[in-house]
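For reference, the structure is listed below as C-alpha cells.
The values are calculated or read from the model by the stated rules, or taken from the named source; none is laboratory data. Computed from a prediction, not measured in an experiment: that's the story for all the values here. When we count neighbours, we look across all protein chains shown, and the Cβ atoms used for this are built from the backbone with ideal geometry, even at glycine. Note: areas computed on protein heavy atoms with side chains; ligands, DNA, RNA excluded. Shrake-Rupley method; radii C 1.70, N 1.55, O 1.52, S 1.80 Å.
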Amino acid sequence: MIRYRQVDKTFFPLYDRIPMRVQVTAQYKVEKLRRGLGGFVLVETPVKPYVKDFTAGEGERAEQWEKRFDLSHWAFFMAFDGEHPVGAAAVASRTEGVQMLAGRDDLAVLWDIRVEDACKRQGVGQKLFDMAVNWSRDQGLVQIKIECQNNNIPAIQFYHKQGAVLSAIDEYAYYTEPEYRQETQLIWYLDL
C-alpha cells in the first residue's frame, strides 16, 4: 500500500533516489499555419525510441535546490511503498530567483514531479499532483504554472487531463543547450 506525506528537506536524499525518466516514442511537432498568424497545431509525430532521464544532471537533484534558492515557500511531497520512495513532487512559490514565478506572489510552480517506473499509471502521480494543488490553494495562490517538453507526451496528456491550459509554446527555450535544442517548451497554467 502506497503512503503519501508532506516532507521537508531532510528527505532530499530519498527524494533523489526516485528516477525521473520518460520513454519517448513520439513528440508533438509544432506546425505553424500561415507562419503562425493562422495559429498552431501540435501534431503527434513518431520518433526513434529513446529514454530521456531528467535526473542525469546535478541541477535536477533536490539536494542542490537549497544551494540555489530559499526554500521557505516551497513544499515537498513523497510517496512510499513501505520504506521505499516511489514518487515525489515539489512546488515553489514566492521565491526570488525563480524565473518561472515571473515575480508573482500569487503563483505556484510545479517544480518537479516524478514517479518510479514500476509505479507509473497507478495513481501515484495523480495523488502527488493533488497534494501540490491543495497546498497551493491553502497558501492563497491562484494558479499553478507547469513546464514540460514536447517529447513528454505522458506529461502533456496528464496536465491536460487535470484541466491545465497550454498557454505558451517556445521552440527556442533550450536553444543554448545543444543536447535539448530540438525540444520545445510547453507552459501550462492551472487555475486553482
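Could you check, for region 136-144, whether at least one of its residues is modelled with pLDDT of 95 or more, in contact with a helix residue (DSSP H, G or I) (Cβ under 6 Å, 6 or more places away or on another chain) and under 19 Å from PHE76 (Cβ atoms)? So that I can check it myself, show each step before the final result.
Step one: list which residues in region 136-144 are modelled with pLDDT of 95 or more, which gives 136-144.
Subset that is in contact with a helix residue (DSSP H, G or I) (Cβ under 6 Å, 6 or more places away or on another chain): 144.
Filter once more, keeping what is under 19 Å from PHE76 (Cβ atoms): 144.
Yes, because at least one residue in region 136-144 is modelled with pLDDT of 95 or more, in contact with a helix residue (DSSP H, G or I) (Cβ under 6 Å, 6 or more places away or on another chain) and under 19 Å from PHE76 (Cβ atoms).
Identify all residues within region 128-143 that are open to solvent by less than 20 Å² (accessible area, probe 1.4 Å) and outside any loop (DSSP other than H, G, I, E, B); write none if there are none. Working first, answer last.
Kept after step one, since they are open to solvent by less than 20 Å² (accessible area, probe 1.4 Å), are these residues of region 128-143: 128-129, 132-133, 136, 141.
LEU128, PHE129, ALA132, VAL133, SER136 - these are the residues of region 128-143 that are open to solvent by less than 20 Å² (accessible area, probe 1.4 Å) and outside any loop (DSSP other than H, G, I, E, B).
Are any residues in region 1-32 part of a helix (DSSP H, G or I), open to solvent by 80 Å² or more (accessible area, probe 1.4 Å) and in contact (Cβ under 8 Å) with a residue 12 or more places away in the chain, and if so, which ones?
First pass over region 1-32, keeping only residues part of a helix (DSSP H, G or I): 9-15.
Add one more test, that the residue is open to solvent by 80 Å² or more (accessible area, probe 1.4 Å), and what stays is 9-10.
Correct list: LYS9 only.
When the residues of region 144-180 are narrowed to those that are in contact (Cβ under 8 Å) with a residue 24 or more places away in the chain and farther than 20 Å from ASP112 by Cβ, which ends up surrounded by the most Cβ atoms within 10 Å (Cβ to Cβ)?
Result: ILE169.
What are the pairs with Cβ atoms under 9 angstrom where one residue, in region 98-127, is free of Cβ contacts under 8 Å to residues at least 24 places away in the same chain and within 18 Å of PHE69 (Cβ to Cβ) and the other, located anywhere, is open to solvent by less than 50 Å² (accessible area, probe 1.4 Å) and of a type in the set (Phe, Trp, Tyr)? Sequence gap at least six, or different chains.
none
Which of the residues belonging to region 52-89 are without any contact (Cβ under 8 Å) to a residue 40 or more places away in the chain, under 24 Å from ILE153 (Cα atoms) and part of a strand (DSSP E or B)?
Selection gives ASP53 alone.
So which residues in region 33-51 are assigned to a strand (DSSP E or B) and open to solvent by 90 Å² or more (accessible area, probe 1.4 Å), if there are any at all? Break it down into steps so the answer makes sense when it comes.
Quick first cut of region 33-51, residues assigned to a strand (DSSP E or B) only: 40-51.
Answer for region 33-51, where residues must be assigned to a strand (DSSP E or B) and open to solvent by 90 Å² or more (accessible area, probe 1.4 Å): PHE40, GLU44, PRO46, LYS48, PRO49.
For region 99-108, does any single residue satisfy the condition of being farther than 20 Å from ILE187 by Cα, outside any loop (DSSP other than H, G, I, E, B) and open to solvent by 20 Å² or more (accessible area, probe 1.4 Å)?
Residues of region 99-108 that are farther than 20 Å from ILE187 by Cα, as a first pass: none.
No.
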